[in-house]
Amino acid sequence: MPPVTPSQWRTTRLADAVGPACPQAPPAAVPRDEALLLHPRARLRQLEAVLPLLVNQSEDCLYVNLYVPTGYAPEVVPQPSSQDPMMGF
């Protein structure tokens, strides 16, 4: 199926939740006794923490996450400045 152009929006777009993960097969973490034979305990704890995040998967999974300091009003776009901190992932 070819890509589809997304619908346009004209107002501030609410982005307060993480999007779906890209489709992937999660590594074996259950049953726990068998998983301990495959993974060190620390890796197993990490897998157990990540597995709930893999429940929501979608082909539409490419996003840019921007983090800016609090206090910026979403209705006002500040003028770009080299002094404004921002992180992008």
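The table that follows gives values for the structure above.
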{"item": "Segment S58-R45, extension gain: residue separation times 0.36 nm, minus the distance between their alpha carbons", "result": "2.2 nm"}
{"item": "Largest-first principal axis extents, alpha carbons of the stretch 22-61, Å", "result": "34, 14, 11"}
{"item": "Gain on full stretching of the segment that runs from L36 to M1 - 0.36 nm per residue minus C-alpha separation", "result": "8.6 nm"}
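Throughout, read-outs are computed from the coordinates displayed, never taken from laboratory work. These numbers were taken from a predicted model, which means no experiment stands behind them.
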